1. Testing residue 227 on (1) closer than 16 Å to residue 100 by Cα; (2) in contact with a helix residue (DSSP H, G or I) (Cβ under 6 Å, 6 or more places away or on another chain); (3) at pLDDT 85 or above, one condition comes back false. Which one is that?
2. For the range 5-26, check the following and say yes or no: at least one residue is within 24 Å of residue 231 (Cβ to Cβ) and among the acidic types (Asp, Glu).
3. Report whether or not residue 31 is in contact (Cβ under 8 Å) with a residue 40 or more places away in the chain and either under 23 Å from residue 213 (Cα atoms) or surrounded by 15 or more Cβ atoms within 10 Å (Cβ to Cβ) (or both).
4. Name the single residue, out of those in the range 232-247 being polar (S, T, N, Q) and in a loop (DSSP other than H, G, I, E, B), that is modelled with the highest pLDDT.
5. Tell me, which strands (runs of 3 or more DSSP E) lie completely within the range 6-121 with 1 or more residues that are more than 23 Å from the chain's Cα centre (by Cα)?
6. For the range 134-150, does any single residue satisfy the condition of being modelled with pLDDT under 90 and of a type in the set (Val, Ile, Thr)?
7. Please go through the range 161-179 and give me each residue that is of a type outside the set (D, E, K, R) and either farther than 24 Å from residue 225 by Cβ or at pLDDT 90 or above (or both), ordered by number.
8. Kindly evaluate residue 75 against the criterion of being among the small types (Gly, Ala, Ser) and within 17 Å of residue 99 (Cβ to Cβ).
Amino acid sequence: MDLATRILVVDDDAEIRALLSEFLERHGYSVATAAGGAEMDRLLGTDRFDLAVLDVMMPGEDGLAILRRMQTSGAMPVIMLSAVGTDVDRIVGLEMGAEDYLSKPCNPRELLARIRTVLRRVRMPNMTEPSPTPVAADVEPTHRFAGWALSLPMRLLLDPDNVVVTLTDGEFRLLRAFIEHPRRVLSRDQLLEYSAGADSESYDRAIDVQVSRLRRKLDRGRDSDLIRTLRNEGYMFTAAVTARKPG
């Protein structure tokens, strides 16, 4: 374990702060805690952190408000904790930029596993960020939508500026499921079925996280709303898709 890895736990409950701090430190992390946004800001002014565990329901400035301003400053990755565990609350947190979302009370071992997963992901930028490399002119897309082009055989996605956007395997499978079922409401169970692969995670939280990441890559600052969230129903890919006929 990298002893330089720093975790910041922000929660108004002193017992939870102590519990999580002790547990994470036993597993090799260096941990600081804050009771709210003001105390968090003081710590951020004097120290650096690799990841924050942020409670949603706090007096004064709540976790979502803190998350919103953290994202505007390009801060560290965030895992949200909330006693309110509805699908809508989870999706809102993920869409606002959280890397993951757990319902309270959570098992500290599950939180530890999520922290490790997030840290691995953010430390491999080539797997999660769009590539600025222009694509060769002779690529033949199999599908087009809203100015985008996708080649299924080459597993290659081009944005409207003809720039390659790198997708993880899970994001590629999810996008393929959407473009093969455009303008239809797809439940999480359907998306799990359509996008299932050898390394797929077999629970609906995985879909929420993948959708959030894919949506960010498809947005690219254009506010295009290509993937729409439908409360209590699932997701819809809103663009018209044209497919190139074989031959």
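1. (1)
2. Residues of the range 5-26 that are within 24 Å of residue 231 (Cβ to Cβ), as a first pass: none.
So far as the range 5-26 goes, no, none of its residues is within 24 Å of residue 231 (Cβ to Cβ) and among the acidic types (Asp, Glu).
3. Numbers: in contact (Cβ under 8 Å) with a residue 40 or more places away in the chain: no; either under 23 Å from residue 213 (Cα atoms) or surrounded by 15 or more Cβ atoms within 10 Å (Cβ to Cβ) (or both): yes.
Against the criterion (in contact (Cβ under 8 Å) with a residue 40 or more places away in the chain and either under 23 Å from residue 213 (Cα atoms) or surrounded by 15 or more Cβ atoms within 10 Å (Cβ to Cβ) (or both)), residue 31 does not qualify.
4. Taking the range 232-247 as the starting set, the residues that turn out to be polar (S, T, N, Q) are 232, 238, 242.
Okay, now just the ones that are also in a loop (DSSP other than H, G, I, E, B), so 232, 238.
Details: 232: 83, 238: 95.
Only one residue tops the list, namely 238.
5. Hits in the range 6-121: 30-34.
6. Restricting attention to the range 134-150, the residues satisfying the condition of being modelled with pLDDT under 90 are 134-141.
Filter once more, so that each one left must be of a type in the set (Val, Ile, Thr): 135, 139.
Among the residues of the range 134-150, at least one is modelled with pLDDT under 90 and of a type in the set (Val, Ile, Thr), which makes the answer yes.
7. Let us first name the residues in the range 161-179 that are of a type outside the set (D, E, K, R), namely 162-168, 170, 172, 174-175, 177-179.
Result: 174, 175, 177, 178, 179.
8. Numbers: among the small types (Gly, Ala, Ser): yes; within 17 Å of residue 99 (Cβ to Cβ): yes.
It is true that residue 75 is among the small types (Gly, Ala, Ser) and within 17 Å of residue 99 (Cβ to Cβ).
The values are calculated or read from the model by the stated rules, or taken from the named source; none is laboratory data. Values in this document were obtained by computation on a predicted structure and should not be read as measured data. In this analysis, Cβ positions are derived from the backbone assuming ideal geometry, glycine residues included, and neighbour counts consider all displayed protein chains.
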